[in-house]
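The block underneath contains the structure these notes are about, expressed in structure tokens.
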Amino acid sequence: MTENLNLIDTFSEFKEFKHIDREALMHILEDIFKQMLLKKYGANSNVNVIVNVDKGDVEFQRFLEIVEDGHLTDECTQIELSKAVKIEPDFEVGEELCETILLKDFGRRDIIALRQSLAAKIAEYEKDVVFHKYEKKIGDIVTGTVVHATRKEISFVDEEGIELVIKKTGIIPRDFYKKGDPIRAVVVKVEPKTNSAFIEASRTSPVFLERLMEEEIPEIYDGLIVIKNIVRIPGERAKIAVETFDDRIDPIGACVGMKGSRIHGVVRELREENIDIVNYTSNIELYVARVLNPAKITSLTIDEENKSVTAFMKPDQISLAIGKNGSNIRLASKLTGYEIEVVRENAIAEEDIELKEFEDEIDTWIIDVLRSIGCDTGKSVLSIDRDELIRRTDLEEETIDEVINIIRKEFQDDEDEDVSTSLNVN
């Protein structure tokens with residue numbers, strides 16, 4: 001038995017740092033040993049492997065039917081009486097002999113092959129264990145330690161040493177990690193690989209924000225407040241629509257907490273990402289008004305067929321509605337599911353010209369960019385400083401200069417025409 005126990009010790013290295021428990025290892029050993037015995041003594045052999053999980057030892061047995069001398073038909077399953085009685089004198093024909101097999105009965109090649117088979121079997125088992133474990137964790141937050149970090153990819157391991165990867169699209173722009181740093185992310189994908197499972201995590205997914213909110217806000221975790229939708233520009237801004245059916249609960253107040261105590265932890269984890277929380281409502285007019293906050297809407301029109309909304313507001317409210325680089329209106333459109341356009345109240349005066357009238361001279365996509373920052377008429381473009389236009393639209397200087405010249409020329413031509421008409425009348 002000592003020799004067999006040593007065999008278990010020889011293979012104990014496979015258990016170290018593997019995601020496999022002792023009992024599972026013993027079952028794998030039993031299967032591998034049995035295959036080895038069948039290969040050595042024949043596929044029809046009646047063999048048995050006894051693994052003692054508690055003691056960590058193993059015993060091999062081979063069973064042979066005792067037959068009369070000269071009547072041997074299968075050496076794999078039978079033994080002649082004359083040979084059997086040398087082992088035990090009381091044996092008789094028809095009885096079964098149990099032969100104990102020792103390590104010395106195996107050669108060095110057998111042991112090497114056994115080790116290779118065991119390594120492959122454990123690797124396959126480990127891959128399946130990790131895959132099925134993390135398949136159930138999709139959508140959950142995992143905490144780990146960074147092992148490698150670049151701008152394009154971050155690798156980290158969980159408490160069991162399982163590796164996860166965050167691709168570039170899952171990294172918040174302000175994220176900065178180095179080896180050894182703690183990190184949190186949400187599991188978004190698990191795929192089987194040849195030798196392992198590929199586990200992808202993300203810090204930019206809306207689900208990551210949702211799970212953070214559940215951790216920080218008990219009412220969300222308990223289901224008293226429901227998150228209807230989340231949209232994000234990672235590291236910059238996010239909007240969350242919440243709803244509650246308990247009139248005693250103020251959903252926004254509960255999410256924010258006293259002096260922002262609850263939401264602060266979430267904001268800090270997301271690299272100071274601004275988070276707007278709004279009360280969800282099926283009333284689209286009220287919903288749009290809420291998601292465009294802090295801008296105040298004067299009136300709006302809804303096109304249900306095209307899922308679009310035109311919001312009219314005073315000139316000083318347009319920049320608030322659009323937000324930095326158009327982030328507020330872009331997120332508002334995603335949150336509501338309606339394409340939102342903001343227009344100045346009483347924008348189209350008789351002496352002004354809608355931007356669409358310039359489509360023959362200015363590309364449509366440029367006009368769309370200008371409208372996205374609240375400029376829907378010629379004079380609304382000219383009312384903004386050139387450098388400010390470049391900054392807000394992110395268009396080339398030459399493009400902005402050309403647009404300004406085209407619009408100015410149009411108004412200049414109109415003025416010249418008015419003067420000419422006036423002179424002719426006189």
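The values are calculated or read from the model by the stated rules, or taken from the named source; none is laboratory data. Bear in mind the structure is a predicted one, so any value in this text is a computation, not a measurement. Cβ sites come from the backbone with ideal geometry, for glycine too, and all protein chains shown count toward neighbours. In case anyone asks, the SASA skips ligands and DNA or RNA and just uses the protein heavy atoms, side chains included. Shrake-Rupley method; radii C 1.70, N 1.55, O 1.52, S 1.80 Å.
Of the beta bridges DSSP finds with both residues in segment 109-237, what % are antiparallel, to the nearest 5?
So the antiparallel bridges in segment 109-237 amount to around 90 percent.
How far is helix 22-41 tilted off the main Cα axis of the chain, in degrees rounded to 10, range 0 to 90?
50 degrees
When DSSP assigns beta bridges and you keep just the ones with both residues in the chain, what percent turn out antiparallel, to the nearest 5? Before the final figure, lay out each step's value.
On the way: 47 of 64 bridges.
Counting DSSP beta bridges with both partners in the chain, the antiparallel share is about 75 percent.
Counting only heavy atoms of the protein chains, get the accessible area per residue of the chain (1.4 Å probe) and round it to a whole Å² value.
Details: 24450 Å² over 426 residues.
Ligands and nucleic acids excluded, the figure is 57 Å² per residue.
Could you go through segment 331-337 in sequence order and give the Karplus-derived ³J(HN,Hα) for each residue, using 6.51 cos²θ - 1.76 cosθ + 1.60 with θ = phi - 60°, rounded to whole Hz, and x for Gly and Pro?
Here the 3J(HN,Hα) series is 5, 4, 5, 5, 5, 7, x Hz.
Among Ile227, Ile111, Ile217, which one shows the biggest mean-square fluctuation in a GNM of the chain, springs joining Cα atoms closer than 10 Å?
The residue with the greatest mean-square fluctuation here is Ile111.
Taking 0.36 nm per intervening residue step and subtracting the Cα-Cα distance, what contour gain separates Leu224 from Arg268 on full extension?
Working: separation 44, 0.36 × 44 = 15.84 nm, distance 2.45 nm.
In short, 13.4 nm is gained.
Work out the charge dipole of the chain with +1 on the Cβ of Lys and Arg and -1 on the Cβ of Asp and Glu about the Cα centre, then indicate which of Ile79, Gln317, Leu38 is farthest towards its positive end.
Ile79
List the lysines whose Cα sits under 26 Å from the Cα of Lys409, skipping any in the same chain fewer than 8 residues away.
Partners found: Lys356, Lys379.
Ignoring ligands, DNA and RNA, please state the percent of accessible area on segment 293-359 from carbon and sulfur, probe 1.4 Å.
Numbers: 1610 of 3710 Å².
Heavy-atom surface of segment 293-359 belonging to carbon and sulfur, 1.4 Å probe: 43 percent.
Quick one: among Leu37, Leu300, Leu81, which has the greatest mean-square fluctuation in a GNM of the chain with alpha-carbon springs under 10 angstrom?
Of the options given, Leu81 has the highest mean-square fluctuation.
With the cut-off at 1.5 for a/c, could you classify segment 193-241 from its C-alpha gyration tensor as rounded, prolate or oblate?
Details: a/c = 3.19, a/b = 1.68, b/c = 1.90.
Verdict is oblate for segment 193-241.
Report, in deg cm²/dmol and to the nearest 500, the calculated mean residue ellipticity at 222 nm for the chain, where each DSSP H run with n ≥ 4 adds -39500 (n - 2.57) and the sum is divided by the residue count. Present the calculation step by step, with values, prior to reporting the outcome.
Details: 15 runs with 171 residues, N = 426.
Estimated from H runs of four or more residues: -12500 deg cm²/dmol.
Using a Gaussian network model of the chain with C-alpha springs under 10 Å, which one of Lys86, Lys179, Lys193 is most mobile by mean-square fluctuation?
The residue with the greatest mean-square fluctuation here is Lys86.
Could you work out Rg/(2.2 N^0.38 Å) for the chain, with Rg from alpha carbons only?
Working it through for the chain, the quotient is 1.71.
In whole Hz, what ³J(HN,Hα) sequence does segment 106-117 give by Karplus (6.51, -1.76, 1.60; θ = phi - 60°), x for Gly and Pro?
Those phi angles translate into 9, x, 4, 4, 4, 5, 4, 4, 5, 4, 5, 5 Hz.
Roughly how many nanometres apart are two label points built 7 Å out from the Cα toward the Cβ at Ala120 and Lys34?
For Ala120 paired with Lys34, the spin-label model returns 1.8 nm.
Which value in nm describes the separation of the simple spin-label points at Lys137 and Glu305, placed 7 Å from the Cα toward the beta carbon?
5.2 nm
Counting only the backbone N, which residues of segment 321-344 are under 17 Å from the spot 7 Å out from the Cα of Thr298 toward its beta-carbon?
So the set is 321-322, 341-344.
All other residues with a Cβ under 15 Å from the Cβ of Pro294 taken together, and with Lys, Arg as +1 and Asp, Glu as -1, what is their net charge? Provide the component values of the computation, followed by the final result.
Details: positive: Arg237, Lys239, Arg290, Lys296, Lys314, Lys324; negative: Asp276, Asp316.
Combined, the nearby Lys, Arg, Asp and Glu give +4.
For the chain, build the charge dipole from Cβ charges (+1 Lys, Arg; -1 Asp, Glu) around the Cα centre, then report which of Ala332, Gly139, Ala119 sits farthest towards its positive end.
It is Ala119, whose Cα lies furthest towards the positive end.
If one computes the Cα centroid of segment 360-403 and of segment 275-324, what distance in Å separates the two points?
The two parts, judged by their Cα centres, are 22 Å apart.
Straight distance only, please: which lysines reach the Cα of Lys34 with their own Cα at less than 19 Å, same-chain residues fewer than 8 apart left out?
Lys34 reaches Lys104, Lys121.
Which aspartates and glutamates does Lys167 reach when only Cα atoms under 12 Å apart count, and residues fewer than 8 places away in its own chain are ignored?
Once the sequence-local aspartates and glutamates are set aside, what remains near Lys167 is Glu153, Glu200.
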